[in-house]
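What follows is a single structure, written as structure tokens, with notes after it.
What follows is calculated from the coordinates using simple rules that are stated; it is not laboratory data. Note that this is a predicted model, so its numbers are computed, not measured. Neighbour counts are summed over all protein chains in view; Cβ atoms, including those assigned to glycine, are modelled from backbone coordinates with ideal geometry.
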Amino acid sequence: MTINMSVNETHDKLWAQRKDTMDKARALADKSDEENRAMTEAEVRNGEAKARAAEERIATLVSGRNTGGQAAVVAATFEQQSLELRRFMLGQSDSRSYELALPNAVERRVLTDSSAPLPTGFIGQLYKYLVDTSSVRQANPYVIATQSGETMLIPRSTAEGAAVWTGENAALSASDPTFSSVTVGAFKLAKLIQVSSELIQDTGFDVIGFMAEHAGRNLGIASDTAYVAGTGTNQPTGFVGTATVALTAATGTGSTTGLPTSGAVIGADVLIELYHSVLPQYRPRGSFVMNDSTVKAVRKLKDTTGQYIWQPALVAGQPDTVLGRPVYADPNMPAIGVSVKPIAFGDFGGYVIRDVTPVRFERSDDFAFGTDLVSFRAIFRTDGKQLDQNAIKLYQTAAS
């Protein structure tokens with residue numbers, strides 16, 4: 001069963017309603033003929049309104065199906081989604097797979113009343129947890145979503161040409177840009193979950209919330225680890241291994257205990273130097289990414305007037321800032337030590353993430369038959385690589 005199963009049922013129901021409306025209209029016309037009278041204005045208006053409403057509902061549904069079923073899926077209520085997923089988990093459907101298709105990282109909803117809280121469905125929760133547990137995704141990388149996983153070549157410009165002032169009737173000078181490409185694939189990331197039959201049957205157990213949080217959190221943590229420090233072998237290539245080191249601390253400047261405490265570049269100067277190592281065009285979209293232990297060290301830094309350079313966010317849910325740019329704590333960044341790269345800064349739009357949708361969500365009653373457990377697996381295909389070497393720069397600690 002796919003998520004479009006309820007869409008097909010709705011489609012058939014709407015066509016049945018349309019047929020019923022047309023049959024009633026014909027019966028009314030026949031009755032007026034038998035009574036040798038014209039249809040009243042009220043009868044005409046009522047019939048036209050019903051026919052128009054039926055056509056609009058069908059057109060909306062068809063439009064949603066032509067765009068991957070998203071319009072119909074969004075229109076489904078939380079209760080319908082919950083019932084459909086619970087039927088799938090109980091094995092009451094013919095299929096063993098449940099596809100989670102979503103074009104963006106969060107669920108789209110139309111708010112009719114801003115004061116009324118709306119429940120979040122399984123799809124939105126899974127992607128929400130996936131994003132919330134990935135600092136790289138929060139830093140606004142360049143994300144490409146495809147429905148298939150074939151290898152992709154992403155063209156990029158490595159050197160710009162230049163415009164040349166040219167005199168009247170003079171020949172134009174050629175100045176071509178230099179192009180190359182980055183290849184991205186679709187590595188498979190999987191999570192196996194086993195749940196007792198009793199929990200699935202118990203309507204008091206929030207099975208949707210549990211599955212969404214558990215699968216989404218685990219997929220998010222694993223994928224973020226690869227986006228930061230992945231080797232590129234059977235997993236994405238992390239930016240820490242490919243980004244340019246813009247600043248290296250001098251030997252003997254406290255690299256094993258924290259940010260440099262002596263030398264030409266100390267304390268807050270590290271962040272300022274790293275900030276200015278990135279091209280000015282990238283800085284307005286730049287973000288700092290560092291380990292939480294490094295965040296602790298940065299929060300203690302002060303300027304020459306004794307003021308902390310760390311600025312707490314003024315709005316709940318927004319990241320704190322340093323030098324006016326957001327800071328994201330990521331456990332996959334190295335902690336401060338000898339010859340490591342603990343701080344990254346730049347425009348993470350220069351890092352490309354390729355996602356293959358839909359996420360496959362499948363069940364098996366046979367895998368753990370002897371223990372009466374129902375097995376579920378969530379399979380997510382993704383890849384990531386640095387697309388622009390100028391966009392993200394690193395700070396590296398001293399060798400001793």
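Take the alpha carbon atoms of the range 212-236, find their center, do the same for the range 333-393, and report the distance between the two centers in whole angstrom. Centre-to-centre (Cα) distance: 2 Å. Our coupling estimate for the range 213-219, obtained by passing each phi through the Karplus curve with A = 6.51, B = -1.76, C = 1.60 and θ = phi - 60°, is 5, 5, 5, x, 5, 5, 5 Hz, Gly and Pro reported as x. The chymotrypsin sites (Phe, Trp or Tyr not before Pro) of the range 341-377 meeting both criteria, a DSSP state outside H, G, I, E and B (loop) and at most 15 other C-beta atoms within 10 angstrom of the site's C-beta, are F367. Legend: calculated FRET efficiency, L172 to N390, from the Cβ-Cβ distance at R0 = 41 Å, rounded to 0.05, equals 0.90. Kirkwood-type hydrodynamic radius, the range 123-192: 16.8 Å, calculated from all non-identical alpha-carbon pairs. Ordering of 377-390, 153-166 by packing is 377-390, 153-166, highest average first (other Cβ atoms within 10 Å, averaged per residue). In summary, the range 258-310 shows an alpha-carbon radius of gyration equal to 1.19 times the 2.2 N^0.38 Å reference for compact globular proteins. Sorted from greatest to least, the principal axis extents spanned by the alpha carbons of the range 290-400 come out as 67, 37, 31 Å.
Phi angles across the range 326-333 convert, under the Karplus curve 6.51 cos²θ - 1.76 cosθ + 1.60 with θ = phi - 60°, into 3J(HN,Hα) values of x, 10, 10, 7, 10, x, 8, 6 Hz, Gly and Pro given as x.
Taking trypsin sites (Lys or Arg not before Pro) across the range 248-356, the ones in a DSSP loop with at most 16 further Cβ atoms lying within 10 angstrom of their Cβ are K300. Each other residue within a Cβ distance under 11 Å of A391 adds +1 if Lys or Arg and -1 if Asp or Glu, for a net charge of +2. What is the log10 of I(q)/I(0) for the range 233-359, computed with the Debye formula using one identical point scatterer on each Cα and no solvent, at q = 0.11, 0.17, 0.22 Å⁻¹? Calculated log10 I(q)/I(0) at the listed q: -0.41, -0.95, -1.52. At full extension, V164 and L192 could sit 4.1 nm farther apart than now, given 0.36 nm per residue minus the alpha carbon distance. The stretch between D20 and V245, if pulled fully straight at 0.36 nm per residue, gains 74.0 nm over its current Cα-Cα span. Placing one equal scatterer on every Cα of the range 337-400 and applying the Debye formula, the log10 ratio I(q)/I(0) at q = 0.14, 0.15, 0.25 Å⁻¹ is -0.67, -0.69, -1.01.
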